[in-house]
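To start, the structure under review is shown below, and the notes come after it.
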Protein chains: 2
Amino acid sequence: MNVKAYMTTLGEQARKASRALVRATTQEKNAALLAMATAIENSAEQLKSENAKDLANGKANGLDAAMLDRLAITDSGIASMAEGLRQIASLQDPIGEISDMSYRPSGIQIGKMRVPLGVVGIIYESRPNVTIDAAALCLKSGNAAILRGGSEAAYSNQALAACIQTGLKAAGLPATSVQVVETTDRAAVGELIAMPQYVDVIIPRGGKGLIERISEGARVPVIKHLDGICHVYIDDDADQDKAIKVAFNAKTHRYGVCNAMETLLVAESQAQAVLPILADMYAEKDVELRGCEKTRAIISANVATETDWATEYLAPILSIKVVADVNEAMDHIAEFSSGHTESIITENLSTTRRFLAEVDSSSVMVNASTRFADGFEYGLGAEIGISTDKFHARGPVGLEGLTSQKYIVLGDGSIRE
Amino acid sequence: MNVKAYMTTLGEQARKASRALVRATTQEKNAALLAMATAIENSAEQLKSENAKDLANGKANGLDAAMLDRLAITDSGIASMAEGLRQIASLQDPIGEISDMSYRPSGIQIGKMRVPLGVVGIIYESRPNVTIDAAALCLKSGNAAILRGGSEAAYSNQALAACIQTGLKAAGLPATSVQVVETTDRAAVGELIAMPQYVDVIIPRGGKGLIERISEGARVPVIKHLDGICHVYIDDDADQDKAIKVAFNAKTHRYGVCNAMETLLVAESQAQAVLPILADMYAEKDVELRGCEKTRAIISANVATETDWATEYLAPILSIKVVADVNEAMDHIAEFSSGHTESIITENLSTTRRFLAEVDSSSVMVNASTRFADGFEYGLGAEIGISTDKFHARGPVGLEGLTSQKYIVLGDGSIRE
């Protein structure tokens, strides 16, 4: 197979489908999503047997238990894919929304209309449910999608692709609205990210290595986050109960997620009071503590090095630094944060205003756990990823992040004098 | 001079200044802008004598009359730079604007806050007034700026930089908030576009060649447009008076601008009536017409080739195509438009709705001249450029295009259950 020619064909077909999708009604798009949900439920046995081939290959290739777990399609996984499709069908259609229409002195009327981006390329690793989530979000937002899943999930993804096709057909939408790349040749990824004439944006979902490779090579915009080095800062004026509650939740609610706290900053005036209590609570959860010198003078902790401040542990490990005040806290954040999510615990309004204005992260919080940084918690209804870039979409990305706004102008034979 | 080390220093200083600018009050920013305006007026003689050196060098180097004209700083140019600064001072400060705050079932309150992008790099050609415009727009939007003008305007730009410094100093803002690159070494551009750690976005202003080179080499996002191949389509249901008025204005109001019409599409049912009238009007302005076969059966015109449909003339030349209907018009636009601005002339509501929804350009118009695609006409107050990309800023880019939105979350010791 000539991978370049194959990917070019997918690109041409996607571009053409995107022109049909911009005309598709909300009713047609929802009908397709609901038909996909039914198709998935009706194909449960088929999905599981195809998935079993991937699992067998995975075992033979020595995938570890966590990877096999992510790869598995279970009955509850099938139910949740179908439920996800129905939820996305129930969300408001963002396309065509017109805002800010106003008259100008020249007599023209000007506003903005929300429109699809066009063609979205999604590159992901083992989880086959991403095939359904990504297809659904792209379709609802009027975008054609080209999906490239991990080779370890090839049988599962093709079986899910068949359900997607059933849904598109039922609604009379082009079969090429969603295309799942069939070749497992890695060159296909290289082609997909370098076809600006056919693909408008790439969204990589997976480990940092994958995302870095794609960002380096892409010739179109990439919506991504690399790291989640999130901070909680306990301010001089923090309520200690809230501080302890949030600092505990932000670290221990889940470890392997990008919005978990990795570094706790504590104002010197608070350290004596809150650190011993928190240390006991973390100890019960077997969280390893790594502290600065001042921290280690108060509680028992390993030594934190420069590297710790710059590390996303994704594990039951926490680095702790005692700082003089909010200025030192914000300096530390400016130096080491990955721009994902930071939270301050304080009752002081002026300090709050400064922290909100000055901290340059996709989510900035007050008296709340960093774990809230999530599309569902924010009310987006669904999430295709989280962006730590400042361009286009920032923070959790839902349907709106898959759209653009163009200017529309209405006149009455209006000319420029 | 070690250009890499020099540019790195500018980058570090700009990043540091951007953290101070995010704290700057609206009053401080406006005070700086107003002081710059006064400084420019007070330095009129100095500006003209430095500009005279550039003009003398330009003549010696054989610059043509149009380029020398763009390079010249006249008394009226000085007045309009000062006026521009005062206008930008009078615009509403976009920074800190909080929108869409609402409560979620978890109890957190979530919204978005508008914040600066950080550091903006601007690369431009001969016009020295861009130094002032760009500095003012970046400063008002809370961004640090690194400005790299054309080497032919080096003396002028350094003289203007001195006025900018006077303004920053008067307001107590960091001198490094706006830095004008002093070296004329072209390697400085290569460095500026490849420092993602210091520069958040590049805005090139100039010819297509410059913009292509920068887009190819940039390692940060670029706000740009390459071409303005704008279309007017006279629909079956057009009002002929409006059609003629708009088609004439869109071509002849100014020729060398990106929002001028380059191709006129005419529905077959209208061609016999409108083309002869328009041909006479264009003839009076010495506009060369290049037409398809059907056009040439009605009026006298040279042959339009495939190349014509894909050319931005920026000159008194117009290509004309007779099409069957709005579908053929939209197909032609999808194939040849540069995504800048297209306008339909029609009285038909259903056709209007389709054209607005389906044409994928930064501005889509009805019964209005493409010449309206402009930041001032749209009410943005000022314009740093026009973007034909779908990401981030699309269409005329004013202060808002130089900002980003981050999520802010307020809780009360809120944790994720």
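The values are calculated or read from the model by the stated rules, or taken from the named source; none is laboratory data. Quantities reported herein were computed from a predicted structural model and do not represent experimental measurements. Quick reminder, even Gly has a Cβ in these numbers, built from the backbone with ideal geometry, and neighbours come from all protein chains shown. Keep in mind that these areas ignore ligands, DNA and RNA; they rest on the heavy atoms of the full protein, side chains included. Shrake-Rupley method; radii C 1.70, N 1.55, O 1.52, S 1.80 Å.
For segment B:230-372, report the accessible area per residue in Å² (1.4 Å probe, heavy atoms, rounded to an integer).
Dividing the accessible area of segment B:230-372 by its residue count gives 37 Å².
Let's see if you can work this out: charge +1 on each Lys and Arg Cβ, -1 on each Asp and Glu Cβ, no other charges. What is the dipole magnitude of the protein assembly as shown about its Cα centre, in debye to the nearest 20?
Dipole about the Cα centre, nearest 20: 420 debye.
So for segment B:28-100, considering every pair of alpha-carbon atoms, how many percent are separated by more than 14 Å?
Above the 14 Å cut-off, segment B:28-100 has 67 percent of its Cα pairs.
Classify segment A:230-372: rounded, prolate or oblate, from the alpha-carbon gyration tensor (a ≥ b ≥ c, eigenvalue square roots; a/c under 1.5 rounded; otherwise prolate if a/b is larger than b/c)?
Taking the square roots of the gyration eigenvalues as a ≥ b ≥ c, segment A:230-372 is rounded.
I'd like the carbon and sulfur percentage of the solvent accessible area for segment A:64-158, probe radius 1.4 Å, heavy atoms only, ligands and nucleic acids excluded.
48 percent
If the limit is 29 Å between Cα atoms, which of A:Lys208/B:Lys140; A:Lys208/B:Lys112; A:Lys251/B:Lys390 go over it?
A:Lys208/B:Lys140; A:Lys251/B:Lys390
Do any residues of segment B:100-116 lose at least 50 Å² of accessible area when the full set of protein chains is present rather than just their chain alone, and if so which, with a 1.4 Å probe?
B:Arg104
Once you put a point 7 Å from the Cα of A:Arg23 and another 7 Å from the Cα of B:Ala310, both along the Cβ direction, what distance in nm separates them?
Result: 2.5 nm between the two label points.
In straight Cα distance, which aspartates and glutamates are under 12 Å from A:Lys321, not counting same-chain residues fewer than 8 positions off?
A:Glu262, A:Glu268, A:Glu293, A:Glu306, A:Asp308
How big, on average over all directions, is the shadow cast by the Cα convex hull of chain B, in nm²?
Here the figure is 24.4 nm², rounded to one decimal.
Sum -39500 (n - 2.57) across every DSSP H segment of at least 4 residues in chain B, then divide by the residue count to get the 222 nm mean residue ellipticity, nearest 500.
Computed mean residue ellipticity for chain B: -13500 deg cm²/dmol.
Closest beta-carbon to the A-to-B rotation axis: which chain A residue owns it, and what is the separation in whole Å?
Chain A residue with minimal Cβ-axis distance: A:His392, 2.
Among DSSP bridges having both ends in the protein assembly as shown, what percentage is antiparallel? Round to the nearest 5.
If I count the DSSP bridges inside the protein assembly as shown, around 25 percent turn out antiparallel.
At a probe of 1.4 Å, how much accessible area disappears from chains A and B on forming the pair, both sides counted, to the nearest 100 Å²?
In total, this chain pair buries about 5900 Å².
Using the alpha-carbon atoms, what tilt in degrees (0 to 90, nearest 10) does helix A:268-284 show relative to the longest principal axis of chain A?
Roughly 70 degrees between the two axes.
Whose amide H sits under 5 Å from the amide H of A:Val266, counting only residues 5 or more places off or on another chain, with H placed in the peptide plane?
Under 5 Å from the amide H of A:Val266 lie the amide H atoms of A:Ile234, A:Lys321, A:Val322, A:Val323, each far enough along the sequence or on another chain.
Quantify, in whole percent, the carbon and sulfur part of the accessible surface of segment A:230-372 (1.4 Å probe; protein heavy atoms only).
46 percent
For the protein assembly as shown, place one equal point scatterer on every Cα, skip the solvent, and apply the Debye formula. What is log10 of I(q)/I(0) at q = 0.10 Å⁻¹?
Result of the Debye calculation: -1.18.
Shielding by partners for A:398-406, please: the mean number of other protein chain Cβ atoms within 10 Å of each residue's Cβ.
3
Report, for B:Gly62, each distance to the same residue's label point in the other copies, shortest first and in nm; define the point 7 Å along Cα→Cβ.
Going from nearest to farthest copy, the values are 6.7 nm.
Can you tell me the convex hull volume per residue for segment B:225-300, based on C-alpha atoms, in Å³ to the nearest whole number?
Residue-normalised Cα hull volume stands at 93 Å³.
Which residues of segment A:232-249 end up with at least 30 Å² less accessible area in the presence of all protein chains than when their chain stands alone, using a 1.4 Å probe?
A:Lys242, A:Lys245, A:Asn249
Sort shortest first the distances from B:Ser80 to its counterpart in every other copy, using label points 7 Å along the Cα-to-beta-carbon line, and give them in nm.
For B:Ser80, the other copies' label points sit at 6.1 nm, shortest first.
In the Gaussian network model of chain A, springs joining C-alpha atoms below 10 Å, which of A:Gln165, A:Gln27, A:Gln13 carries the largest mean-square fluctuation?
A:Gln27
What does the extension gain come out to for B:Thr184 and B:Glu268, with contour length at 0.36 nm per residue minus their alpha carbon separation?
Full-extension gain reported as 24.8 nm.
Along Cα→Cβ at 7 Å, what distances in nm separate the A:Ser215 label point from those on the other copies, shortest first?
Reported distances to equivalent positions: 2.3 nm.
Give me the percent relative contact order of segment B:1-134, please, defined on Cα pairs under 8 angstrom at least 6 residues apart.
28 percent.
Keeping all protein chains in place and using 1.4 angstrom, which order do B:Ser337, A:Ser156, A:Ser269 fall into by accessible surface area, from largest down?
So the residues, ranked largest to smallest area, are A:Ser269, B:Ser337, A:Ser156.
Of the options B:Gly121, B:Ser362, A:Gly58, report the single residue whose Cα projects farthest towards the positive end of the charge dipole of the protein assembly as shown (beta-carbon charges: Lys, Arg +1; Asp, Glu -1).
A:Gly58
Nothing charged except the Cβ atoms of Lys and Arg (+1) and of Asp and Glu (-1): what's the magnitude of the dipole of segment B:234-308 about its Cα centre? Round to the nearest 20 debye.
For this selection, approximately 260 debye.
Over the alpha carbons of segment A:50-182, what is the largest minus smallest coordinate on each principal axis, giving the biggest first in Å?
Computed over segment A:50-182, the largest-to-smallest principal extents equal 71, 28, 25 Å.
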